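Asker: First the structure, then my questions, so here it is.
The values are calculated or read from the model by the stated rules, or taken from the named source; none is laboratory data. Nothing here was measured: the structure is a model prediction, and the numbers come from that model. All Cβ positions, even for glycine, are placed from backbone atoms using ideal geometry, and neighbour counts span all protein chains on display. Side chains are part of the model used for accessible areas, which takes the heavy atoms of the whole protein and leaves out ligands, DNA and RNA. Shrake-Rupley method; radii C 1.70, N 1.55, O 1.52, S 1.80 Å.
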Amino acid sequence: MALDVRTITAAEFPDWLRAKHTGFLQAPTGTEQEAERRLPHTDLARTQGAFDGGRCVATFRSFAQELTVVGGAAVPADAISNVTVSPTHRRRGLLSRMMATDLAAAKERGDVVATLIAAEYPIYGRYGFGPAAWTTEWEIDVPRAGLDPRWSGPSAQDGGRIDLVSGADVRKLGPVIHDRLRARQHGVINRDARWWEVNTGEVRPGPETWTEPFYAVYSNAAGEADGLIAYRADDNWGDAKQPLNRATVLGQIAVTPAAERALWHFVCSIDWITTVRSGHRAPDDLLPLLLPDPRAARVVTQADWLWVRVLDVVRALEARTYAVPGTLTLDIHDAAGLTTGRYRLEASASGAICTPTTADADLALDVRELGTLYLGDESPVRLAALGRVEELTPGAVAVAEGMFRTGRRAWCPDVF
């Protein structure tokens, strides 16, 4: 029987949820309540399923997103999520069919890039995605960190303060802080009101239980909120009645170095906390160096995170800024045919101009490598050494290295 791949109806949404749970190795059941909570926030026109005899066996969903690129501009993105294929229907091209439909629609819609968080590394390169931002998680041995155990808040010279707040406070303050962050940090994506509702427990879309975390806000001397941290703590005591508790940071955003330092020092100074897990951070995060003994922070996770697929080369390359002026002609190969062609990029202090061209190319690369380079996190020199970027004009790789790389690495604090 032929497999039917198409967008789903509202009546099919509960079965689609069951298939999604199955693909992610969660309990292969769903409740009417979960479907009722999620359906109003699901764009069915961008939600696909594969059906075998009326039963959903593969899932795919996308939604509108904004991605901050190098220099602070935001570009429209096609965010892809909930991608599964049931184990009974693997290797039948279902993902390829759903992906082709979604990317074609995204390009037609005018999205500049597509984004996703890859559960498995080998899957998405063949669709033109490249890892554009990585993530690192640290575990801090607090007693070894060398922090002053008498620390009770920001210094008098700093003039700031830290306050514990409620989820309702976070829903008011958080969006303002986050918008300030994404105006300056490439790789950050937008958060709508529902994101804040779900991540503060105001709305519970699924069957998961909710444990209220602690929230702390850093305010500067003028009373403006410059940073926010959310964390949970366990309850672990040793045999000799000594505290061995761990604080797990669920998220920390800060828009000034003072806020970043104060919030990390705060969570590392809480009585009874002997270990802190940092949550997902940029690989070049300041955290270890904010400790008197940086060796107290050991890396526990280092992995690819945000993947990017360029859909419009001209708009993508013109949207970002470049470290140094330069001119390059890029020969882009795209197996899907969405971006194949040659493009001349001219970058200067006043901005970038990108135009299709028939001139000889300086570099040849696949669109997946363009995605990897787009946020400035990867080195053209490294990709050339790996044979993934071909230098056609001597010195062109060095030019690309100077233009595309950034002083700080890309960071996406969210999973979607």
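Asker: Quick one: count up the residues across the stretch 166-175 that are outside any helix (DSSP H, G or I) and buried (at least 20 other Cβ atoms within 10 Å of the Cβ).
Answerer: The qualifying residues number 0.
Asker: Ok, one more. Is at least one residue of the stretch 239-254 closer than 27 Å to T136 by Cβ, in contact with a Lys or Arg (Cβ under 9 Å, 6 or more places away or on another chain) and assigned to a loop (DSSP other than H, G, I, E, B)?
Answerer: no
Asker: Read through the list (1) closer than 21 Å to E369 by Cβ; (2) in contact with an Asp or Glu (Cβ under 9 Å, 6 or more places away or on another chain); (3) not charged (D, E, K, R), then give the number of the only condition that A74 fails.
Answerer: (1)
Asker: Please state which one of L328, L311 is more than 16 Å from V75 (Cβ to Cβ), aliphatic (A, V, I, L, M), crowded, with 18+ Cβ neighbours inside 10 Å and touching an Asp or Glu at 6+ places or on another chain (Cβ under 7 Å).
Answerer: Values: L311 fails: more than 16 Å from V75 (Cβ to Cβ).
Result of the check over L328, L311: L328.
Asker: If S152 passes every condition in (1) open to solvent by 40 Å² or more (accessible area, probe 1.4 Å); (2) within 24 Å of G251 (Cβ to Cβ); (3) outside any loop (DSSP other than H, G, I, E, B) but one, which one does it miss?
Answerer: The single condition S152 does not satisfy is (3).
Every residue, every condition in (1) crowded, with 19+ Cβ neighbours inside 10 Å; (2) within 23 Å of G407 (Cα to Cα), yes or no:
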position: L244; (1), (2): no, no
position: I253; (1), (2): yes, yes
position: T301; (1), (2): no, yes
position: Y322; (1), (2): yes, yes
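Asker: Are any of the residues in the stretch 17-32 part of a helix (DSSP H, G or I), open to solvent by 50 Å² or more (accessible area, probe 1.4 Å), of a type outside the set (A, V, I, L, M, F, W, C) and over 14 Å from S81 (Cβ atoms)?
Answerer: Yes, the stretch 17-32 contains a residue that is part of a helix (DSSP H, G or I), open to solvent by 50 Å² or more (accessible area, probe 1.4 Å), of a type outside the set (A, V, I, L, M, F, W, C) and over 14 Å from S81 (Cβ atoms).
Table: residues versus (1) open to solvent by less than 70 Å² (accessible area, probe 1.4 Å); (2) on the phi > 0 side of the Ramachandran plot; (3) β-branched (V, I, T).
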| site | (1), (2), (3) |
| --- | --- |
| F13 | yes, no, no |
| G49 | yes, no, no |
| T59 | yes, no, yes |
| L67 | yes, no, no |
| V70 | yes, no, yes |
| N82 | yes, yes, no |
| H89 | yes, no, no |
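Asker: On to the next question. Could you check, for the stretch 213-229, whether at least one of its residues is within 21 Å of G201 (Cβ to Cβ) and of a type in the set (V, I, T)?
Answerer: Among the residues of the stretch 213-229, at least one is within 21 Å of G201 (Cβ to Cβ) and of a type in the set (V, I, T), which makes the answer yes.
Asker: Ok, one more. Among the residues of the stretch 176-224, write down those that are in a helix (DSSP H, G or I) and under 13 Å from G251 (Cβ atoms).
Answerer: I177, H178, L181, W195, W196, V198
Asker: Still on this structure: What residue, among those in the stretch 362-388 that are of a type in the set (G, A, S) and open to solvent by less than 10 Å² (accessible area, probe 1.4 Å), is nearest to T68 (Cα to Cα)?
Answerer: It comes out as G376.
Asker: Turning to a different aspect of this structure: Quick one: in the stretch 389-406, of everything that is in contact with a Gly (Cβ under 9 Å, 6 or more places away or on another chain) and outside any helix (DSSP H, G or I), which residue is least open to solvent (accessible area, probe 1.4 Å)?
Answerer: Taking the candidates together, the pick is T406.
Asker: Here is a further query. Do any strands (runs of 3 or more DSSP E) lying entirely in the stretch 46-138 carry at least 1 residues that are farther than 22 Å from E378 by Cβ, and which ones are they?
Answerer: Details: elements: 47-52, 55-68, 74-85, 113-117.
Qualifying strands (runs of 3 or more DSSP E): 47-52, 55-68, 74-85.
Asker: What number of residues in the stretch 26-53 are within 28 Å of the chain's Cα centre (by Cα), at pLDDT 95 or above and within 15 Å of T88 (Cβ to Cβ)?
Answerer: The qualifying residues number 2.
Asker: Give A230, A216 a once-over and let me know the one that is surrounded by 15 or more Cβ atoms within 10 Å (Cβ to Cβ), touching a Pro at 6+ places or on another chain (Cβ under 9 Å) and within 22 Å of S269 (Cβ to Cβ).
Answerer: A230
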